[in-house]
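Just so it is clear, none of the values below were taken in a lab; they were calculated from the coordinates. As the structure is a prediction and not an experimental result, all values here were calculated from the model. Glycine gets a Cβ as well: all are built from the backbone with ideal geometry, and neighbour counts include every protein chain shown.
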Amino acid sequence: MKHSNQIVIGGDDQVFVLTGAGVSAESGLATFRGSNGLWEGEHVEDVASPGGWARNPERVWRFYSMRRRAAASAEPNLAHIALAELERKLGQRYFLCTQNVDDLHERAGSRNLVHMHGELFESRCDRCTRAPFRDTCLYESRAEHRRCECGGYIRPNIVWFGEMPFHLERIFAELRRCTVMLVIGTSGMVQPAASFVHMANEHQGRGLTALRTYYVGPEHPANAAAFTHAFAGRAGELLPNLFALR
Ligand code: OAD
């Protein structure tokens, strides 16, 4: 993996961006892994799995209410702003896939994005197929738990372990056509996102693109070997000066 100074984006490039919890770290939102990470104080299976929801929905809602509260008081940082700015310049040649459930990318101005792990400020029924709806409420006690007209319980519209991520078809299509892949602030430990760089490399292997793959973050991710370039540091410090458009 080479270390470089800037990412040069040409007029024919198609940019795929994948972000993880690290892009929101400088906004004060905790990442998952590492000291003070969200998974340090919680057992993942208690708050982020269908089994945990079935056993103790109150505990699950306490966890996501805490995260709603934190996200509502956070502000987009320079990394979110730099990505929104890049999108404004590239238009349809830019696509953002985030694993984050916060809304900081949108609040910075990003539009062409998908939340593959769901959205913190959306809820849905755990039984029927009624569409997810915007929901900023905090459910911190059992009395507040809402039920759907069908009798099911309202749950966070978050993808839990064992559930299928959202928007995969669109994501795979974008992976097939990208020429620049930029991955920011994710440990490369959770599938399928950790394999996106391999999938993009595979398309290149078939002679489809001249792909460059970049990782931005203070530590090497678990899938570091799959990237052609790395920028070591914090996203909010690096991104504002990272892109050179030709
Ligand atoms: P992790 O907590 O696993 O990794 C966060 C990464 O961000 C680490 O590699 C840090 O080095 C990096 N990082 C920290 N501060 C940074 C900064 N200022 N700038 C750039 N990078 C920084 O979080 P994710 O990889 O996003 O899924 O986790 C993936 C998924 O695992 C999450 O979406 C979540 C979790 O379980 C679900 O809940 C379904």
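Here are the numbers for the structure shown:
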| item | result |
| --- | --- |
| Filter result (free of Cβ contacts under 8 Å to residues at least 60 places away in the same chain, more than 16 Å from the ligand (Cβ to nearest atom), in a loop (DSSP other than H, G, I, E, B) and farther than 17 Å from Ser73 by Cα) within region 110-140 | Ser110, Arg111, Asn112, Arg127, Cys128, Thr129, Arg130, Ala131 |
| Enumerated helices (runs of 4 or more DSSP H) restricted to region 1-88, each holding at least 3 residues that are in contact (Cβ under 8 Å) with a residue 12 or more places away in the chain, of a type outside the set (Asp, Glu) and surrounded by 17 or more Cβ atoms within 10 Å (Cβ to Cβ) | 22-25, 57-72 |
| Qualifying positions in region 101-120 - hydrophobic (A, V, I, L, M, F, W, C) and surrounded by fewer than 18 Cβ atoms within 10 Å (Cβ to Cβ) | Val114 |
| Selected residue [farther than 18 Å from Leu18 by Cα and in contact with a Gly (Cβ under 9 Å, 6 or more places away or on another chain)] from Ala54, Ala82, Ala74 | Ala74 |
| Subset of region 26-49 that is within 20 Å of Gly185 (Cα to Cα) and of a type in the set (S, T, N, Q) - its residue that is nearest to the ligand (Cβ to nearest atom) | Thr31 |
| Residues (more than 17 Å from the chain's Cα centre (by Cα) and within 13 Å of the ligand (Cβ to nearest atom)) located in region 62-80 | Phe63 |
